[in-house]
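Participant: Structure below; questions to follow.
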Amino acid sequence: MEATNKIILKGLKKKLGVAKAKWTDVLPEVIWSYHTTEQSTTKETLFKELVSKLEPKWIGPYRVKEVVGKGAYRLETLDGGVIPRTWNVANLHFYYS
C-alpha cells in the first residue's frame, strides 16, 4: 500500500506542477493512469486484473453428448452445436432448468 501511495503522490506532483490545479481536480486522472499502467511486478495492469476477476465463473448451459471415460465428457450446446474439446467432470456443474 505504501508503494502505491508513493506512486500516486508522484503522479499528483507531476500533474500539479503542469496544471496549476487543486489536487482534488487531478486525482481521478492520476488514479486512472495508475490502474491502466502495466505494473512491474505482475506485467499486468490493475484494470485488467480487475476485469479478469469479474469474468463469469461458468458458461453454458450445455448438454452431455457423450461420456468419453474416466470423468471426461463431450458436450454440445442446447441447440446441438459442437463444443470442440472434452471436459473433465471437475469443471462441470449441474444445471437445473
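Participant: Determine which single condition Pro61 fails, assuming it passes every other condition in (1) over 30 Å from Lys6 (Cβ atoms); (2) touching a residue at least 12 places away in the same chain (Cβ under 8 Å); (3) out of contact with any Phe, Trp or Tyr (no Cβ under 7 Å at 6 or more places or on another chain).
Facilitator: Result: Pro61 fails condition (3) only.
Participant: Glu44 - would you say it is part of a helix (DSSP H, G or I), without any contact (Cβ under 8 Å) to a residue 60 or more places away in the chain and within 25 Å of the chain's Cα centre (by Cα)?
Facilitator: Working: part of a helix (DSSP H, G or I): no; without any contact (Cβ under 8 Å) to a residue 60 or more places away in the chain: yes; within 25 Å of the chain's Cα centre (by Cα): yes.
Considered against the rule, which asks whether it is part of a helix (DSSP H, G or I), without any contact (Cβ under 8 Å) to a residue 60 or more places away in the chain and within 25 Å of the chain's Cα centre (by Cα), Glu44 comes out as no.
Participant: Also, I was wondering about something else. Going by the structure shown, is Tyr73 at pLDDT below 90 and not basic (Lys, Arg)? Explain how you work it out, then say what you get.
Facilitator: Values: at pLDDT below 90: no; not basic (Lys, Arg): yes.
It is false that Tyr73 is at pLDDT below 90 and not basic (Lys, Arg).
Residue-wise test of (1) surrounded by 10 or more Cβ atoms within 10 Å (Cβ to Cβ); (2) modelled with pLDDT under 85.
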| position | (1), (2) |
| --- | --- |
| Glu2 | no, yes |
| Leu9 | yes, yes |
| Leu27 | yes, no |
| Leu46 | yes, yes |
| Leu50 | yes, yes |
| Lys57 | no, yes |
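Participant: Then there's this: Specify which of the listed residues (Tyr34, Tyr62, Tyr96) is modelled with pLDDT of 85 or more, among the hydroxyl-bearing types (Ser, Thr, Tyr) and out of contact with any strand residue (DSSP E or B) (no Cβ under 9 Å at 6 or more places or on another chain).
Facilitator: On the way: Tyr62 fails: out of contact with any strand residue (DSSP E or B) (no Cβ under 9 Å at 6 or more places or on another chain); Tyr96 fails: modelled with pLDDT of 85 or more.
Sole residue among the options that is modelled with pLDDT of 85 or more, among the hydroxyl-bearing types (Ser, Thr, Tyr) and out of contact with any strand residue (DSSP E or B) (no Cβ under 9 Å at 6 or more places or on another chain): Tyr34.
The values are calculated or read from the model by the stated rules, or taken from the named source; none is laboratory data. Not measured: the values here are computed from a predicted model. So basically every Cβ, Gly included, is an ideal-geometry build from the backbone, and we count neighbours across all protein chains shown.
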